[in-house]
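What follows is calculated from the coordinates using simple rules that are stated; it is not laboratory data. Everything numeric in this text was worked out from a predicted model, so none of it was measured. Note: ideal-geometry Cβ built from the backbone for every residue, glycine included; neighbour counts use all protein chains shown.
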Amino acid sequence: MKTFLAIIFFSTTLFCQTFTFDYAFGKFQKASSFHLNSAGFVYITDSGTDKIYKYDTLGTFIKEAGGYGWTEETFDDPVDVFATTLNVYVTDKNNHRIQNFDKDLNFISELSTRENENSDERFGYPLSCEVSNLGDLFILDSENKRIIKSDLFGNFLQNFGGLDAGNFTLNNPTRLAVSLSSNTFVIDDSDLVVFDNYGTGLAVIETGLALKGLKINYSLLTTNTGSEIYFADLNSEKFELKKINLAALDYKPEFVTSIMQKNKLYILTEKEILVFTSVK
């Protein structure tokens, strides 16, 4: 039986809900995603330039890679990025592949299965990918509206969320994020659909919001519309999505996605990264 959870927005929380604007960095054409790894480096994909950029959290530019193309180290609409301490995974949408780089943006390998004989393994026009702390790679396959799970060597393990998922069938999946407990959260229209590590549907969280971005950093999940940021503490017994109040920002950019880390909030727009600090 499908579990539905309606979300109530609370005005008080153990975490500080008000964040004030500090500074911005980066200069992008059409940034599509970013990720902050545990070593303190930020990786940003830009669909406008078909490149990936590396910065530190103070906004110092370090390196870029890519450019338009279909060979190694080039992209055709890089729409998502996920970074560990040692590796960076870029979702190369129109090339139907995931490219793997080292932390210094040197190419390592790619994974592409659209031409495989086994239809269960195929993915096309991927929109998002992440690696779990168990070492599994999860790919959002927008062509078949499902999640593909493989190991880090590219060996297919399973798919889930497709037409055979019953009440947990995905209709319009756009982003995924994997928690420390290896649960996969998927934006599906205005819902967050949750699966366990084995692809079993756990819950559908109805938000009623036009969700765009989704990131999990340790226990903190952030999601957003174009103008509002929300977060949930996944360590809590009850899932509560809470709105963040943003202060001292004198203009209203369109938000792409966001990441919360301790007392910092990083928000990606198409042009730059905005950095906020919590108000105690």
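Tabulated values for the structure
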{"read-out": "Trypsin sites (Lys or Arg not before Pro) restricted to the stretch 180-264 and DSSP loop, no more than 16 other C-beta within 10 Å", "value": "K238, K262"}
{"read-out": "Selection of chymotrypsin sites (Phe, Trp or Tyr not before Pro), the stretch 109-153, meeting DSSP coil and at most 15 other Cβ within 10 Å", "value": "F153"}
{"read-out": "Under 16 Å from K145, Cα to Cα: aspartates and glutamates that are on another chain or at least 8 residues apart", "value": "D120, E121, D164, D188, D189, D191"}
{"read-out": "Which of V79, V131 has the fewest Cβ neighbours within 10 Å, and the rest in rising order", "value": "V131, V79"}
{"read-out": "The stretch 31-226: relative contact order in percent, alpha carbon pairs under 8 Å with at least 6 residues between", "value": "10"}
{"read-out": "Euclidean distance between Cα centres, the stretch 82-97 to the stretch 164-221, Å", "value": "19"}
{"read-out": "Nearby lysines by direct alpha-carbon distance to K252 (threshold 18 angstrom, same-chain neighbours under 8 apart not counted)", "value": "K27, K30, K212, K243, K271"}
{"read-out": "The stretch 142-245: GluC sites (Glu not before Pro) in DSSP loop, at most 11 other beta carbons within 10 Å", "value": "E237"}
{"read-out": "Cβ-placed point charges (K, R +1; D, E -1), dipole of the chain about Cα centre in debye, nearest 20", "value": "880"}
